[in-house]
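Below: the structure, in structure tokens.
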Amino acid sequence: MNMKKYILPLIASLMLSSCEDFLDTNNPTKASSGNFPQTKEQAEMILAGVYNGLNRISAIPYSSFHCISLLASDDMFGGGGNGDKDAQAMDMFLVDAENRFEPFWKASYIGIARANNAIATLPNCNGYANEDEKNQMLGEAYFMRGYYYYGLASQFENVPVFTSTEAGNIPQSDPKDTWKQILLDFKTAIELMPAEKVGYAVEGHVNKWTAEGMMARAFLFYTGFYENRQGKQDITIELPDGSTLTTKDVQGYLDDCVANSGYKLVEKYQDLWSYTNRFTVNDYDYTKDGGFNWVENDANVNPESMFAIKYNEYANYNEELKGYANMYVLYFGIRDDHDQATFPFMRGWGYGPVSPALVREWKMAEPDDPRRDASICYVPSELPDYDRAEGWEDWVQETDYINKKLTPIGGKANDGTIKLFSHLMYDNDAWTVNDKDINCTQDLVLLRYADVLLMRSELYEDADKGMNEVRQRVGLPSVSYSLEALQNERRWEFAFEGLRYNDIRRWGQGGGQSNGYTEEVLSKQQNEAIYFGGQPDLNVAHNGGYVERYKATRGFFKIPESEILKSDGVLMQNEGWGSEGLYMGWK
């Protein structure tokens with residue numbers, strides 16, 4: 001196993017019990033904010049702790065914005081079993097427990113506190129090789145703070161914003177001010193980090209180009225949802241430090257990324273996904289004889305991955321270490337435990353059954369798009385031995401379609417037995433816990449170069465600025481730019497990657513007012529054909545339906561009541577989250 005890929009999480013694990021302890025102390029006998037960090041090596045430990053928030057969030061997927069971004073979109077239902085009310089609730093803009101999202105809230109603010117500490121202390125360390133090395137590390141801290149706030153603001157909208165180590169019981173920021181701080185953090189990261197591509201897949205760090213891509217993503221959401229960006233209208237945003245950010249600035253960032261970053265599209269779209277790994281590819285009918293070769297085989301570098309959560313074999317069931325495994329794939333795997341019948345897809349909890357409406361609309365709009373079969377498994381034809389009666393018969397909102405991107409993948413050993421491909425690819429003796437439920441190690445990619453290309457086309461309103469390159473990768477003809485064409489392209493390219501939800505929200509607003517787009521696409525989930533307990537059924541949303549719940553909440557979720565109570569009335573709950581937001585169960 002290529003251990004370089006896993007250095008960062010291991011360092012972070014050493015800090016879990018100590019990072020917060022020294023934030024407000026000055027004890028000369030132990031590390032504290034008064035004497036730590038002092039050296040470059042200590043600075044690296046501080047920065048590793050900042051990144052560790054990503055793994056903390058991964059430990060409990062059902063609390064995270066990434067999970068919401070999948071289930072609350074129009075392309076996936078909630079799913080899971082009768083006991084997985086959290087999944088069904090998120091699908092329908094409901095909640096099954098008053099503190100359902102507390103782990104995400106806490107992990108995000110731990111990451112922010114650590115980033116604030118890094119920003120305050122890293123400039124004072126000694127031993128940097130040069131100014132660029134110091135600025136690179138400092139820029140990463142700014143980036144990560146912006147990223148943690150991006151998730152919080154997307155999920156809750158009304159959140160407190162801390163930008164120093166002197167945190168306190170402060171009220172929620174105006175949402176526009178929160179997003180301006182996010183944009184400023186990404187802008188600062190861009191300006192600090194040197195224009196050299198950092199070997200992300202080896203070192204586990206973000207770089208200048210990552211910041212340029214996330215800047216564009218945040219800019220598109222903010223200007224779409226709050227500022228009524230129309231086409232390439234040149235909006236000017238005044239940031240908290242008095243500087244400005246314009247549409248042309250963001251276009252320039254993406255131009256810079258395309259021209260200078262060194263990232264590129266993987267030649268074959270299928271090679272992005274773990275079912276093309278070398279232990280699976282020749283035994284899976286869809287990939288057999290296709291010449292596919294997973295880009296992450298044996299911890300290789302993915303030239304399209306610009307920002308990803310890295311995982312390793314050191315996960316265990318301890319709450320703080322479970323996130324070193326990719327738990328998302330477990331939650332979104334097929335709800336069955338018969339590996340021979342579902343190969344190469346292995347057991348999961350059944351979150352996110354694919355909406356049949358997505359398949360119909362995709363076939364109608366782009367009948368020859370190979371990404372559809374690369375992303376979606378049509379169970380009756382691909383898994384003919386799958387028997388609903390022999391599976392977990394309590395599966396809720398099951399459909400004939402499952403996703404192929406975010407799921408545990410099995411491979412065949414020399415004796416023909418099916419094992420998690422990670423167990424076959426890497427040394428089994430190294431696993432802290434040898435358990436297929438907690439041993440998925442494929443990256444969770446959060447930003448791909450393809451996104452940079454499509455955002456660039458959107459900001460310029462020009463298909464030749466990137467969209468046609470993305471289409472050409474999968475053998476589709478060039479098209480002229482239109483918003484509808486761009487919307488479809490993003491939907492097909494990034495199916496089940498967590499981008500669709502914020503996309504449909506930003507396209508459905510104009511200056512803070514709904515234009516009806518989001519409600520229209522969400523309404524298509526109503527009365528779709530599903531299975532409940534293996535029997536044909538209809539998807540009927542609860543508590544008024546998808547559209548009414550979206551209107552009531554504007555797509556933002558319930559702040560944990562525990563945080564409201566601890567604030568002594570300083571924090572206010574979001575609209576739409578009284579008793580009308582409580583989900584009681586499917587039937």
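The values are calculated or read from the model by the stated rules, or taken from the named source; none is laboratory data. Since the model is a prediction, treat every value here as computed from it, not as a measurement. With ideal geometry, Cβ positions are generated from the backbone for all residues, glycine too; neighbour counts draw on all protein chains shown. Surface areas here come from the heavy atoms of the whole protein model, side chains and all, with no ligands, DNA or RNA. Shrake-Rupley method; radii C 1.70, N 1.55, O 1.52, S 1.80 Å.
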(message) Give me the one-decimal nm value for the distance between modelled label points at A389 and K566, 7 Å along each residue's Cα-to-Cβ direction.
(response) 5.1 nm
(message) Probe radius 1.4 Å, ligands and nucleic acids ignored: give me the carbon and sulfur share of the accessible area of the chain as a rounded percent.
(response) 46 percent
(request) Taking the dipole about the Cα centre of region 473-587, with the C-beta of Lys and Arg at +1 and of Asp and Glu at -1, give me whichever of T518, L571, A552 is farthest to the positive side. (result) T518
(message) Given an 8 Å cut-off on Cα distances and at least 6 residues of separation, report the relative contact order of the chain as a percent.
(response) 20 percent
(request) Work out, step by step, the length gained on full extension between V433 and E580: first 0.36 nm times the residue separation, then minus their alpha carbon distance; give nm to one decimal. (result) 48.7 nm
(request) Only helical DSSP H runs with n ≥ 4 go in: add -39500 (n - 2.57) per run for the chain, normalise by residue count and round the 222 nm mean residue ellipticity to 500 deg cm²/dmol. (result) -12000 deg cm²/dmol
(message) I'd like the FRET efficiency for S480 and Q38, computed as 1/(1 + (r/R0)^6) with the beta carbon distance as r and R0 of 56 Å, rounded to 0.05.
(response) 0.45
(request) Set the Förster distance to 41 Å, then compute FRET efficiency between E196 and D373 from the Cβ-Cβ distance, nearest 0.05. (result) 0.60
(request) Select from the chain the helices, each a whole stretch of DSSP H, whose alpha-carbon atoms run 18 Å or more along the helix axis and whose Kyte-Doolittle mean is at least -1.0; answer none if there are none. (result) 40-59, 102-121, 131-156, 175-192, 208-225, 247-260
(request) Obtain the nm distance between the two label points defined at E461 and V301 by a simple spin-label model: each point lies 7 Å from its Cα along the Cα-to-C-beta direction. (result) 3.9 nm
(message) For a quick check of your reading of the filter: which trypsin sites (Lys or Arg not before Pro) in region 438-496 sit in a DSSP loop and have no more than 14 other Cβ atoms within 10 Å?
(response) none
(request) Using the Karplus curve 6.51 cos²θ - 1.76 cosθ + 1.60 with θ = phi - 60°, work out ³J(HN,Hα) for each residue of region 326-336 in order, rounded to whole Hz, and write x for Gly and Pro. (result) 7, 6, 4, 5, 5, 5, 9, x, 4, 8, 7
(message) Just the number please: accessible area per residue for the chain, 1.4 Å probe, all protein chains included, in Å².
(response) 36 Å²
(request) With Cα extents along the principal axes in Å in mind, check [x] 65, 56, 50; [y] 86, 71, 49; [z] 96, 51, 44 and report the label derived from this structure. (result) [x]
(request) For K288, list the lysines whose Cα falls under 25 Å from its own Cα; do not include residues on the same chain fewer than 8 positions away. (result) K268, K363, K404, K405, K412, K419, K436
(message) If packing is taken as the average count of other Cβ atoms within 10 Å, what order do 262-275, 415-428 fall into, highest mean first?
(response) 262-275, 415-428
(request) Go through 295-307, 341-353, 529-541 and give me the packing order, highest mean Cβ count within 10 Å leading. (result) 341-353, 295-307, 529-541
